[in-house]
Structures are given as structure tokens and as C-alpha cells.
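Since the structure comes first, as C-alpha cells, the remarks are kept for the end.
Throughout, read-outs are computed from the coordinates displayed, never taken from laboratory work. Since this is a predicted model, take the numbers as computed values, not measurements. Counting neighbours? That spans all protein chains shown, and the Cβs are built from the backbone with ideal geometry, glycine included.
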Amino acid sequence: MSHPYQSSPDEPPAAAIPLEALLRTFMSRADELLMAEERTRGLLEAVVTVAGELSLETVLKRVVDSACHLLHARYGALGVIGEDSTLSHFVTVGIDQELAERIGPLPTGHGVLGLLITGPAPLRLHDLRQHPKSYGFPAHHPPMKTFLGVPIRVRDAVFGNLYLTEKEGGEDFTPEDEDLAVALAAAAGVAIENARLYEDAQRRASWLEACMDATGYLLEDSREDHTEHAAFRVVAEAAARPTDGLVALALTPADRNGTYTVAAAVGKGAGDLKGRKLTVGPTGMKDIALTGRSTAVDDPWNLLGPGVPSNPAKLLAVDLSAQGTHYGLLVSVRDSDSEPFRQTDVEMSAVFGSHVALALALDRIRRYREESVVSTDRDRIARDLHDLVIQRLFAAGLSIQSLRRYTTAPEAPDRIDAITDQLDSSIRDLRNTIYSLRAAAAGRQLVSSRIVETVQSASASLPFAPHLTLIGALDVVEDEIVIEHLLAVISEALSNAVRHSDAQTINVTVGMTADALTVEVRDDGRGFRHPGSGNGLANMAKRAADLNGSCAVTSTPGDGTSLTWSVPLR
């Protein structure tokens, strides 16, 4: 039976047409709602994933991972914008390590990537290769067509950009994709800010811990080594921890013209830098010593010169001044692959420097006080030796000389002269002892003792002991750099004599005048016409040159060798 309103059997009912359209519309809207719900759920999951981490590097990686998963992109990247408006850091997803190495250096913000740097706004492209700003791809780079980029803002500043390419199925990124990417970028900005605040707090804590370690050591009464050399070494070691640099240097002023001596070095190439003279450049670095501010410098080559560790690119310099006294500079160097020093490093290093400088001032005052006490005892002992012992020995020598008139034995004059010479030698040794009595911090080994130990150690394999003569107040020398060079030269010279000369006697003389320190090593070995090609003589000459001194070697075949090494005293 046909419907009363149906005109023919083949024609559908009139009411059926709007109902089917309504159902199709309803189903389409339901699919859209489901997709929107799925997108919202995906966005929430991405936000939770990104927000659940405090490490900045991990946060950046999770942002890219979440964006690729949420928007079905094959490749993703996040570029961090540096101070020079280029990409200073680049995190990628979809390209493995092997392929990344074949591609080469990471992008720095040219071409299409740079559009979001100069104009921080969302950008969708059907084919980024056809864009007028396209910079092309390097060799081995995978092909990429569809593109979506959005800026990531942290507070009011653009932190970086999120880049997505190659949506699954070859489709273009849609406006809805752009909205999701913008929302994710907003959440990422909050997570990045939290991670940066956390890392800044950790970095501040690291600087404070280093400051406590350094100042605690400097103010400790019971430490073994009270020299300023040891103090600067500990300061450099403490500063190396929070800066994560290639090398940390403690510089002490060598003159008033901007020349510094590397008093201590920690890290890569530290051995080559220790003792080197560095001239502070006319800009930036010189202002540190004048203003007391810490400064981050992007090009340390001007300060350090050749021979520094490979790829130095970033330098942090800290002034060490307290109570009107400039103790030096603290320098940390990073390579070109490391991140720049942050403002937190500049701020906290200044705090570190001011506290360490104050501790150095207190340590110096304490050493002066201890030296004053020792100086009193030195003066008393020296006075007693001079007024009593030396005078008695001198009187004994005169008395022995007067015995000549009472003896006629032929061997008596020679015997009297020998005894007199021994008394004169004893008097000279006593005078050297008087001059070497000095103000020294408790527990510090005297320079003369270190010289004796060095001679004994270097000549241990000899069947005889070298004759050692010490002249002048050697123990008043306080410059640890000079002392270390001195001991190294003595050791090297004796080692050469032991290995090559076949000597029967070796004389070592170390003398000090008002303005110079001199070492002379003589042997009666076989000598030579031309020095060998070894590094020993070259090393001793370089040590002298580093201290503005001189090194001379004279030798005659069959008549022994003589080395004279001399450096000025500041």
C-alpha cells in the first residue's frame, strides 16, 4: 500500500529528505566534537607531560615530542633564540644522531626559520621549499614540505620557536593545528620559565656552596699550607664547579700596567697556563679591575692568547678586591659548544668574588700577625747568635792564630790555617742562618729546606752527594711561582748532570741578592761542544724567560759543564 502523500512508488517520502540531512549533519557535528575532545585531551596530556619536568633540556625535548605526537608531525624542532638574535640552541625530533652528524651544523636561524625570529607570529606553509625566504636544505637532509611554526614566549619575551614539518598523510597543517600549537607553546613557555627558575636556584646554591668552601678554607687556622699560592689554587678549584668551564684561572697582578700572572689553574691545559703572564686588554676586562663588576666576554682570545684550550668562546671574569686592595682576577673559560654564561652566573660570581676577596684580606692580616710574632723571635735569636756565638767563634779564631808564636812544629801553621778556615766557614754559615730567619706562617716549609730536599731527591742515584751552598736570605722569597720554577730548574740541572756528565763532583749554589735569584750548577764531567736535542735545557730557558730572567750554559769537552739561571725578584 502506497503512502497517501507519495506521488509515485519510486519517489521517497517528502519528510525523509530533511531527516536524513539532519542525521548527516548530526553525525558530522558529533565527529567534530569527538575530534575536538580528542585534541583537547591530547593537549592536556601534552601540557601535563611538559609541566612535569624541571630540567630545562628535558622540558625542551618534551615540548617537541608532545607537539609532534599531538599534531601528527614527522619532524619537529625547538630553536632557542640567543642574545644575537640567532638560534643558540636547537632541539630536534625525528632525526637520529647518525643522520644529524651527516647533515652537519645545526641551523642558526636563516631562511624560513628566521621569519619567526624577526616576526614572532604563527606561520603555516603548504610547501616551505617554495617560500621566497627558503634557504634550502644541506646535503643528506630529509625532504620537508608542509610547515607550521609558532613562537614560544616566556613572560613578555620570545624564548624561541617551535617548528613542525611533514604532517602525516601529506596533508597541510590546518588552522585547528595552529591553534593547538599556539596553546601548547603557551603552556611550554610557563614550563620553561619554571625550569629556568629552578636551574637558576640550583646555580645560585652551587655558587653559595663554592663560596662557603673557599672562604672556609681561607679562614681555617689548621690548614697545612698558608701560602697565597695555595689559597688561590683552592679559590680556582671552588669557582670551577659552578661555572662548568674548560679551565678556571686565578690571576694575580704582576704590575700596574694590566699584566697578570696565572697563580693557579684548574682544568684542561692548566699545566701550560700556570705561571704565564697575561696582559689584560684595553676594553671590558680592564674595567673589571677598576669597577669590581663581573663580566661575561664572548671572545677570550684577546686576553689569553695562543696556547689556551681548544675552542674557547666564552669567558667570565670576576674581580677579587676588598678594602681597597686588588688581589687579582678569577677567570672561567667555556668552549664554543657550551651555553653562554647566564646573568645568574654574573651576579653570583660577583658575590663569590667579594666574599673570597674579604677572606683573602683576613687571611693576609692573620699571616702578617703570625709573621710579626715570629719576627720577634727571629730578631732575638739573630741578636744572640751575632752578639754571643759569632763573637766567641771570632775570638777563638784569633786565639788560634796567636798560637803560631808558641809552636815550632813544621805542620803547625798549616793545621792552624785549616782550623781558622773552618771557623770562618762556621761564621759564614751562622750569618746565613741569621739572614734566613724570617717571618713565616706556621707550618710552612722554608725555601732553603725545599732546596735541600730537591737536591737530595735529584741526586739520589749518585755515589756522592753534591756540594750545596746557600747564599743570602732565601727564605724571605714568598712568590710561589718563582720558587716552583727555581726547584724545577735545580732538579732538571742535576738530572742532566747525573745522566750525561759522568761527573765526580757537582757544586750547586743558590744565591739571593736584593733584586735577583740565581742558581749555578757546575760539574767536572766530560762536557760537550754542542748541547743535545733534549727538552731539559729548553725547559729551563723557557722558565727563565717566563720570569723575565736568563739561562746560560757553558761547557768544554773534558772540562765539565756550568749552568747559570737567574731571575729578577719583584
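Observations on the model:
- Among the GluC sites (Glu not before Pro) within region 209-241, those in coil by DSSP and having at most 14 neighbouring Cβ atoms inside 10 Å are Glu220, Glu224.
- Peptides 396-403, 272-279 ordered by average Cβ neighbours within 10 Å, highest first: 272-279, 396-403
- Within the straight-line cut-off of under 15 Å between alpha carbons, the aspartates and glutamates reachable from Lys145 are Asp127, Glu166, Glu168, Glu171, Asp172, sequence neighbours fewer than 8 places apart in one chain being disregarded.
- Restraint check, Lys268/Lys542; Lys61/Lys314; Lys277/Lys542; Lys61/Lys268, Cα-Cα greater than 19 Å: Lys268/Lys542; Lys61/Lys314; Lys61/Lys268
- Where trypsin sites (Lys or Arg not before Pro) fall in DSSP loop in region 175-267, at most 15 other Cβ within 10 Å: Arg256
- Two-site FRET efficiency, Glu176 against Asp127, from Cβ-Cβ distance with R₀ of 25 Å, rounded to 0.05: 0.80
- Building the convex hull from the alpha-carbon atoms of region 175-233 and averaging its projection over directions returns 5.6 nm².
- The Glu101 and Thr376 beta-carbon pair, evaluated with R₀ = 56 Å, returns a calculated FRET efficiency of approximately 0.20.
- For the peptides 482-490, 146-154, residues were scored by their other Cβ atoms within 10 Å and the scores averaged per peptide; the highest-first order is 146-154, 482-490.
- With one equal scatterer per alpha carbon and no solvent term, the Debye-computed log10 I(q)/I(0) for region 445-570 at 0.15 1/Å reads -0.64.
- Full extension of the chain segment joining Ser457 with Glu20 gains 146.8 nm, where the gain is 0.36 nm per residue of separation less the Cα-Cα distance.
- Protection-proxy order for peptides 87-94, 517-524, each taking the mean of Cβ atoms within 10 Å per residue, highest first: 517-524, 87-94
- Shape of region 20-198, Cα gyration tensor, a/c cut at 1.5: oblate
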